[in-house]
Amino acid sequence: MGSGELNELNRAFKHRLTYPSPRRTGGVDGVAAVEPAAPAALRAVDVEQLARVAHELTQGISQGAIGGVPLREHFADSLRALYPDRHNAGQRAVAEFLRGPHCDDVDMLGLCRGRSVTEAFGEFLLDKAGRGTDTALLIERELLAALVKTLARHPEPGYLIRHPHLRRTGEGAWAAWTDGTRLLRDADRAPVAPAVFVACGGRYFAGGLSTPLTCALLWGAAPRPGWVRAWATGERADAVGRAREALRRKGLIP
């Protein structure tokens with residue numbers, strides 16, 4: 001079976017797991033029971049059995065039982081903000097996520113090095129909230145925290161991360177940054193109030209940093225953010241070296 005057929009099987013598998021029964025997939029209404037284009041092997045699977053698996057899949061991912069990814073815990077405040085009246089907000093959100101295009105690059109069958117399910121789910125929540133909202137800033141902080149916490153435990157991921165504000169800063173070390181006042185998705189724009197998320201030597205740190213210390217933190221990033229290069233010129237470049245020594249003593253860079 002070629003890579004194209006494997007990818008098609010992966011898409012069909014996700015479709016059949018998330019569409020077969022509205023009452024078993026987090027209460028999502030108006031979905032088709034069968035995908036005619038699905039491979040014959042999947043069309044032959046008992047629909048009710050697949051519905052039960054679909055329920056377990058969405059519930060399991062929201063609780064961290066699938067692949068050890070506790071999306072409901074990672075995005076607890078975001079889910080409360082987006083689903084204020086639902087006791088099963090995590091399961092509902094995961095069901096919607098798996099039905100939509102945000103999970104297209106997430107590999108369910110172990111066929112390829114797919115996108116991080118945490119990142120893809122965070123992007124789904126951002127689009128649901130609207131990227132110019134206060135909730136979007138909350139989602140972004142929980143997304144970066146979740147990604148970096150995972151990298152603190154597993155610094156060599158077996159999945160792809162595409163977030164423009166997450167960089168490797170050395171062997172076994174990662175750092176991410178955002179702005180405490182706005183959703184910032186431009187690596188060339190300096191944050192007004194930097195907030196950072198750091199994984200180094202198996203430890204995790206998050207909090208606000210001054211612009212000089214944030215520049216020092218990201219100076220060794222690959223690639224170095226454009227705003228860091230623009231800020232750290234002249235005498236500032238000399239200060240970066242001293243600041244990096246201080247960060248190294250605190251265990252924030254290798």
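The values are calculated or read from the model by the stated rules, or taken from the named source; none is laboratory data. Keep in mind the model is a prediction, meaning the values are calculated, not measured. Neighbour counts are summed over all protein chains in view; Cβ atoms, including those assigned to glycine, are modelled from backbone coordinates with ideal geometry. Surface areas here come from the heavy atoms of the whole protein model, side chains and all, with no ligands, DNA or RNA. Shrake-Rupley method; radii C 1.70, N 1.55, O 1.52, S 1.80 Å.
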Self-check item: Point-to-point label distance, D104-A222, nm (Cα→Cβ direction, 7 Å offset)
Solution: 3.1
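Based on the mean of other Cβ atoms within 10 Å per residue, sort peptides 184-197, 148-161 so the most packed one is first.
Ranking the peptides 184-197, 148-161 by packing returns 184-197, 148-161.
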Self-check item: Compactness index (Cα Rg / 2.2 N^0.38 Å), region 129-254
Solution: 1.00
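Report, as a whole number in µm² per second, the diffusion coefficient that Stokes-Einstein gives for region 183-224 at 10 °C and 1.306 mPa s using the Kirkwood radius over alpha carbon pairs.
Working: Rh = 11.3 Å.
Estimated diffusion coefficient is 141 µm²/s.
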Self-check item: Förster radius 25 Å - calculated FRET efficiency between D134 and E73 (Cβ-Cβ, nearest 0.05)
Solution: 0.70
Practice problem: For K128, tell me the accessible area in Å² from a 1.4 Å probe, rounded to the nearest 10. | Solution: 90
